[in-house]
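Here is the structure we will look at.
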């Protein structure tokens, strides 16, 4: 569905992305991850024909995004991070207008607009002015706009940006359902969502792709196995320094909960230090409240790839 070859974008004195190569197959939900400024939005804007690359090629549904721009756009729906909407239009009026702009046949406009309002949960606000809507509903209007012409591909740039936890859950469930019928390229900073929804993940850093694989395979590649959580009363001891002495412990961070010290241990791959921690606690007469192992997450993968000094 998407094919990218040696895609590069340079601005004056700065390279935003360099020699990107990847493919997204039909029916995939691909996570597109990276720190701020890594080149995610630039890549998405190029794929959506909003800006040209400096060099390289990209195609959507077999159509070159610039030489065959209209055909490519007919197959994709793009939702940018900050959705541009007309605040003085009502929801239904706006979606009717957008459907017409996107070439939906006149006889099908009402049907398609009704379908996307139902799908995106907009029926109860369909007559309201967009300027009076909450951020959550505005995001839904943007998603409905991206869907109204029945695209094969959805490109979603931070679709849950600025939403509260309940709204994030609603949008996540909606994206899961959309993945049954559409190919999706999804950029987000909420990594648990990626683990739950994406079949593959691209991690981009400083304009270059650092990894492209399934979440499971990425977890198997990193050096960090996860960590151990310790909650204890350590008296006058320096618990952080004592725990760092245990073989296999790479780093220790500490916080407090009243009299209790909470230690987060980052450990070497395939290393279980809980027995050593328990032995240390017994020797130093610490009172243990919790000693548990935390498995590696996609967040650990992200940190290790994009900030290796912190991993």
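The values are calculated or read from the model by the stated rules, or taken from the named source; none is laboratory data. A quick note: this is a predicted structure, and the numbers were derived from the prediction, not measured. Cβ coordinates were reconstructed from backbone atoms using ideal geometry, including for glycine residues, and neighbour counts include every protein chain displayed.
Kindly state which helices (runs of 4 or more DSSP H) lie completely within region 213-307 and contain at least 1 residues that are under 30 Å from residue 21 (Cα atoms).
Fully inside region 213-307 and qualifying: 215-221, 298-306.
So, residue 244, is that one in contact with a strand residue (DSSP E or B) (Cβ under 6 Å, 6 or more places away or on another chain) and modelled with pLDDT of 90 or more or not?
So residue 244 passes the test.
Return only the number of the condition from (1) modelled with pLDDT of 85 or more; (2) surrounded by 15 or more Cβ atoms within 10 Å (Cβ to Cβ); (3) in a helix (DSSP H, G or I) that residue 171 does not satisfy.
(1)
How many of the residues making up region 156-168 are buried (at least 22 other Cβ atoms within 10 Å of the Cβ) and either more than 23 Å from residue 204 (Cα to Cα) or modelled with pLDDT under 80 (or both)?
0
Do we find that residue 143 is in contact (Cβ under 8 Å) with a residue 12 or more places away in the chain, under 26 Å from the mean Cα position of the chain (by Cα), in the same structural domain as residue 47 (by TED's automatic domain parsing) and surrounded by 20 or more Cβ atoms within 10 Å (Cβ to Cβ) in this structure? Quick ask: steps written out before the conclusion?
Working: in contact (Cβ under 8 Å) with a residue 12 or more places away in the chain: yes; under 26 Å from the mean Cα position of the chain (by Cα): yes; in the same structural domain as residue 47 (by TED's automatic domain parsing): yes; surrounded by 20 or more Cβ atoms within 10 Å (Cβ to Cβ): yes.
Here the answer is yes, as residue 143 does meet what is asked.
Does residue 14 meet the test of being in the same structural domain as residue 190 (by TED's automatic domain parsing), more than 30 Å from residue 172 (Cα to Cα) and under 21 Å from the mean Cα position of the chain (by Cα)? Break it down into steps so the answer makes sense when it comes.
Numbers: in the same structural domain as residue 190 (by TED's automatic domain parsing): yes; more than 30 Å from residue 172 (Cα to Cα): yes; under 21 Å from the mean Cα position of the chain (by Cα): no.
Judged against the criteria, residue 14 is not a match.
If I ask for residues that are under 17 Å from residue 190 (Cβ atoms) and either at pLDDT below 85 or more than 16 Å from the chain's Cα centre (by Cα) (or both), which ones from region 118-139 would you list? Show your work before the answer.
The initial filter retains those residues of region 118-139 that are under 17 Å from residue 190 (Cβ atoms), namely 135-136, 139.
Within region 118-139, 135, 136 qualify.
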